[in-house]
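The block underneath contains the structure these notes are about, expressed in structure tokens.
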Amino acid sequence: MKYLIFLLVVAVGAVLPLQALVNARLGQATAGAVFAATVSFLVGTISLVLLLVAMRPAWPSVDQLARLPAWAWTGGLIGAAYVAIATLTVPRLGASALISLTVLGQLTGAVLLDHFGVLHAPQPASPMRIAGVLLILGGVLLVVQPWKH
């Protein structure tokens, strides 16, 4: 089961560059990158609402929602920022540079969040984890080749 989950995550990751490219083309063909990112989120929201209705989970009460801390609502904002920035930058960077830089940022952020125990139990930034980040940085440099620009 664990390997099936790994494959699912890899498959979703494999289509992220396509999402950025589709959104960028949509933006070029219409009213720009922010419009395309908005359409992306609108279609995604409709898809998730349909999935939610099909799954029929128990809905949280208004009281439960009101008691949530303010940070609990920031996930959508972070997602919107990523989609908008990816849509704006993929035509300039290319899909491989965009995704490699994104992975570097994700891994660096994840190691720091784990180390400081943000929203979960701390997991120290061990030398092996730091080496993993540095290896990703090396890969990013090979993909982006900033010395050629």
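The values are calculated or read from the model by the stated rules, or taken from the named source; none is laboratory data. No experiment lies behind these values; they were computed from the predicted model shown. Note that each Cβ is placed from the backbone with ideal geometry, even for glycine, and that neighbours are counted across all protein chains shown. Note: accessible area is taken over every heavy atom of the protein model, side chains too, but ligands, DNA and RNA are not part of it. Shrake-Rupley method; radii C 1.70, N 1.55, O 1.52, S 1.80 Å.
For this structure, a couple of remarks:
- Accessible surface calculations at 1.4 Å, restricted to protein heavy atoms, place the chain at 73 Å² per residue.
- Å³ per residue enclosed by the Cα convex hull of the range 57-144: 136 Å³
- Each Cα pair under 8 Å and six or more residues apart adds its separation to the average, and for the chain the resulting relative contact order is 24 percent.
- Placing +1 on each Lys and Arg Cβ and -1 on each Asp and Glu Cβ, with no other charges, gives the chain a dipole about its Cα centre of roughly 200 debye.
- Annotation for the range 1-103: trypsin sites (Lys or Arg not before Pro) lying in DSSP loop with at most 11 further Cβ atoms inside 10 Å of their Cβ are Arg67.
- The chain: calculated mean residue ellipticity at 222 nm from DSSP helix runs of at least 4, using -39500 (n - 2.57): -26500 deg cm²/dmol
- 10 Å-binned pair-distance histogram of the range 2-48 (Cα, whole percent): 26, 39, 26, 8, 1
- Solvent-accessible area, 1.4 Å probe, carbon plus sulfur percent, for the range 31-149: 76 percent
- In the list (1) 1.01; (2) 1.06; (3) 0.99, the label attached to Rg/Rh (Cα atoms, Kirkwood Rh) as derived from the coordinates here is (1).
- Among Ala86, Ala66, Ala110, the largest mean-square fluctuation in a Gaussian network model of the chain, built with springs joining Cα atoms closer than 10 Å, belongs to Ala66.
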